[in-house]
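Input: a single structure, listed below in structure tokens.
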Amino acid sequence: MSRNLREALCSYRNWVSAALQISLMTWSGAAFSADKVYVANEEADTVSVLDAASFKVVATVRAGKMPHNVQVSPDGKRVWVTNNGEPAPAGAPVHQAMGKGEHAVMSRAGAVWVIDTDRDAVMAKVPVGLHPAHVVITPDGRFAYITNGGDNTVSVVDAAAQRVVATIAVGKFPHGLRVSPDGKQTYIANLKGGTVSVVDIASQKEIAQIPVGKGPAQVGFTENGRLAFVSLSGESAVAVIDPASRKVLRKVPVGATPIQLFATPDSGTLLVANQGSRKKPGKSVSMIDLESYKVTKTVETGPGAHGVAIDREGRYAYITNTYAGSVSVIDIKAQKVVATVPVGKGPNGISVRP
């Protein structure tokens, strides 16, 4: 092989290598910068959109009356928002926040609105039951499940058709809910019933109620499906549930009035937001080790720590501080707050775009 040919081949290899590195860097940066965090600002009638790279608000979406909870679809293309329908006309009295972590039952049906994440604009509005609280999407993206606290039901919405296809009776004042990792069941925390309802997704029926304790507010699962959890707002504790036997295995004491919780993707740690009350706000997140079932760290956030969401890498947790109008960003490995982001008034539910 001639010297000129060798030099030409070497130059070509270097060019290909450099081009590949630039391409990978560009793709990686684009994928990372595309991550967004959605926050339901219940007292502002808006949803704040945060850029997950800069921790800054990049958009604000009008999202109906008292948007309570948000959930990004598995494909990241849609955000579902529970609210109490159209907001009041301009000039009407501003909503006064309600205490003790509960909400007054509305006299008319609520709704779930759908936001397009590319445009950050509302694309659909689906009527559901009375006073909708939380919404989750099945892993296959087919159905959205919405708890209706005002009529003790769960609405099942066909995500593609954007219409209610089933209404399931559950326990008293259903609030938080999550779908099991295998996509077969939905667990619902019945805030005033002291139970967790188990709904079979195939039949769209409640198949069990698990007695758990006082004020169950939100449920969760480990990614491996081995454990389920429910926050007990009336006991300042978290109940650990065995999904196989549907029995409470133990209770772990946490801070005052725990509300939302979320397990890390490695199924090793559970993060629990301790809201407290408006008169005596809680401002911490309990980090529970899921081997020892002990709180290994309590991270101080802001007044009224409420919502919890964790990114897919398990690097950051995002916490809504309801009484402070902000979101705290926790570095999970370092176990400390690395950013505080002002959002709208009364931030509640929160979800990360995958």
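The values are calculated or read from the model by the stated rules, or taken from the named source; none is laboratory data. Remember, it's a predicted structure, so these values are computed and weren't measured experimentally. We place every Cβ from the backbone using ideal geometry, glycine too, and count neighbours over all the protein chains shown. To get the accessible areas, we keep the full protein, side chains included, count just its heavy atoms, and leave off ligands, DNA and RNA. Shrake-Rupley method; radii C 1.70, N 1.55, O 1.52, S 1.80 Å.
Find the Cα radius of gyration of the stretch 191-261, compare it with 2.2 N^0.38 Å by division, and give the number to two decimals.
1.06
For the stretch 255-329, give the percent of accessible area contributed by carbon and sulfur heavy atoms, probe 1.4 Å, rounded to a whole number.
Of the solvent-accessible surface of the stretch 255-329, carbon and sulfur hold 47 percent.
Quick one: 3J(HN,Hα) in Hz for the stretch 241-252, Karplus 6.51/-1.76/1.60 with θ = phi - 60°, rounded, Gly and Pro as x.
Rounded to whole hertz, the list is 10, 8, x, 6, 8, 6, 10, 6, 7, 5, 10, 10.
With a 10 Å radius around each residue's Cβ, average the other Cβ atoms per peptide and rank 205-211, 80-86, 169-175, highest first.
80-86, 169-175, 205-211
Check the straight Cα-Cα distances from residue 247 and name the lysines below 20 Å, setting aside those fewer than 8 residues away within the same chain.
Within reach: 172, 184, 192, 205, 214, 294.
Report the percentage of all Cα-Cα pairs in the stretch 136-274 whose separation exceeds 23 Å, rounded to a whole percent.
27 percent
Could you list which residues have their amide H under 5 Å from that of residue 166, counting only those 5 or more apart in sequence or on another chain, with H placed in the peptide plane?
HN-HN under 5 Å from residue 166: 156.
Would you mind getting the accessible area per residue of the stretch 146-217, heavy atoms of the protein chains only, 1.4 Å probe, in Å²?
Normalised by residue count, the accessible surface of the stretch 146-217 is 36 Å².
State the Cα centre-to-centre distance between the stretch 205-242 and the stretch 146-201 in whole Å.
Comparing the Cα centres of the stretch 205-242 and the stretch 146-201, I get a distance of 14 Å.
Taking N as the number of residues in the stretch 125-171, what is its Cα Rg relative to 2.2 N^0.38 Å?
This ratio for the stretch 125-171 stands at 1.04.
Leaving out ligands, DNA and RNA, what percent of the accessible area of the stretch 136-196 is carbon and sulfur, probe 1.4 Å?
The computed percentage sits at 44.
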